[in-house]
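To start, the structure itself, in structure tokens.
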Amino acid sequence: MLWPSAPTLLAPLAPWFEVARRDLPWRAGDLDAPHPDPYAVLVSELMLQQTQVATVIPYFTRWMEQFPDPEALAEAGEDTVHKAWEGLGYYRRARFLKAAAGTIAAEGWPGDLEGLARLPGLGPYTAAAVGSIAFQWPAPALDGNAFRVLARLLLIEGDPKARATDLRVWLAPALAAHGPSRLTQALMELGATVCTPAPTCGGCPLADRCGARRADRTGEIPPVAKRAKPKASSLWLVALEAEGHVLLHAPAAKGLLAGLWRWPALDAEAVPAGRGAASLTAWPGWIQVYTHRRESVSPLHLRLDRRFQAAEGLRWIPIGDLPALPLGKRDQRLRDLLATPGQRPLEAPDPFALIGACAAPSA
Ligand code: SF4
């Protein structure tokens, strides 16, 4: 490893950060002391995994009002926690946060990095970020932004994550020299605001020493990973209503949508078409994009006179309870549509087929 000394190379980052830092609600004023509220750092780091800062800010503010400390979060019900997370996606993070809060409330904060990494959902990156920002431990935290900055600065060929161990060893003395919290946040901040995928090198404090800039290769370092094309599918998303109740899938205990209530979603190919029934309402559909999937969603509302015996996993829920239940993004959209006028659908699935797909088999 023939990289220049990290404390010297990264020295301009600390004074740059004093001036350029964004005022974020989880940031402490004094970067030389341990953070006055480590729980706020933990919440922000979990929320910022996979989610943009601008989206996180209002969620963070509301969360800290609702669950101001680990004890309050540990005592909250799972539906309440999921409801507060509703719209942020990757709901596993909310459950991890609640579980971590339970451990902290019962045993206090861990005293070292290994202890932090053992908290549910933290992993090496988040443990290092919380360790450096909340407790001033010189633990190198490398997120996607930091990897991009360092790959360009040090002209690292290929995926910089493959050099994670070397980079952590290289970075540690710089954290000790310039302050763990300050340097960790400065590196992340530079990656988020200046050394972005299309960098603005003119405003960069490291421009005079950056390998990729000197080699005119900022556009190709680091290489962009190719994503598999998402799988396409089409579905009817159905609100079945009867006697003041709507039919919903109860939350699963595991999986991507664990903890969330869901509308019945039926494969559009598998449900035969029927004549537009008078009690069916439809709204224009949309494309729901996930990392590995693209769904063409057609929302429907079917009103029935009577409830029927629902299939296993489905529950009739009083309509009045709907706003309080945690739903995923796609399902929130149909919940919101129920309050807006729709239209009689031109094309629709056979209502009996919809009911059949949601009913328990008769004995
Ligand atoms: S000079 Fe450009 S590419 Fe290099 S670290 Fe700064 S912003 Fe990134």
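The values are calculated or read from the model by the stated rules, or taken from the named source; none is laboratory data. This structure is a prediction, so every number in the text was calculated from the model and none was measured. Positions of Cβ are generated from backbone atoms using ideal geometry, with glycine treated the same way; all protein chains shown enter the neighbour counts. SASA here: full protein model, heavy atoms, side chains in, ligands and nucleic acids out. Shrake-Rupley method; radii C 1.70, N 1.55, O 1.52, S 1.80 Å.
Quick look at the values:
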{"quantity": "Under 14 Å, Cβ to Cβ, from residue 50 - net charge with Lys/Arg +1 and Asp/Glu -1", "calculated": "+1"}
{"quantity": "Dipole axis of region 231-358 (+1 Lys, Arg; -1 Asp, Glu on Cβ), positive-most option in 237, 286, 356", "calculated": "286"}
{"quantity": "Computed [θ] at 222 nm, helices only, for the chain once each DSSP H run of length n ≥ 4 contributes -39500 (n - 2.57)", "calculated": "-11500 deg cm²/dmol"}
{"quantity": "Residues residue 294 and residue 315, FRET efficiency given R0 of 22 Å [Cβ-Cβ distance, rounded to 0.05]", "calculated": "0.15"}
{"quantity": "Among 176, 106, 151: highest mean-square fluctuation, GNM of the chain, C-alpha pairs under 10 Å", "calculated": "106"}
{"quantity": "Vicinal HN-Hα couplings computed from phi for region 334-349 (Karplus, 6.51 cos²θ - 1.76 cosθ + 1.60; Hz; Gly/Pro x)", "calculated": "5, 4, 5, 5, 4, 8, 10, x, x, 9, 6, x, 6, 10, 7, x"}
{"quantity": "Percent RCO, i.e. relative contact order, over the chain, from Cα pairs under 8 Å lying at least 6 residues apart", "calculated": "17 percent"}
{"quantity": "Shape call, region 231-358: gyration tensor on alpha carbons, a/c limit 1.5", "calculated": "rounded"}
{"quantity": "Heavy-atom accessible area per residue - the chain, 1.4 Å, Å²", "calculated": "49 Å²"}
{"quantity": "Ranked packing of 220-231, 22-33, most packed first, by mean Cβ within 10 Å", "calculated": "22-33, 220-231"}
{"quantity": "Dipole of region 75-226 [Lys/Arg +1, Asp/Glu -1 at C-beta], most positive-end residue of 218, 171, 87", "calculated": "218"}
{"quantity": "Within-12-Å neighbourhood charge of residue 201 [Cβ basis; K, R +1; D, E -1]", "calculated": "+3"}
{"quantity": "Antiparallel bridges, percent of DSSP beta bridges restricted to region 231-358 (to nearest 5)", "calculated": "60 percent"}
{"quantity": "Region 231-358, relative contact order in percent, only Cα pairs under 8 angstrom and at least six apart counted", "calculated": "37 percent"}
{"quantity": "Within the accessible area of region 231-358 (1.4 Å probe), percent carbon and sulfur", "calculated": "53 percent"}
{"quantity": "Within a Gaussian network of the chain (alpha carbon springs, distance under 10 Å), most fluctuating of 340, 218, 126", "calculated": "340"}
{"quantity": "Counted charge near residue 3, where neighbours are those whose Cβ lies closer than 12 Å (Asp, Glu -1; Lys, Arg +1)", "calculated": "+1"}
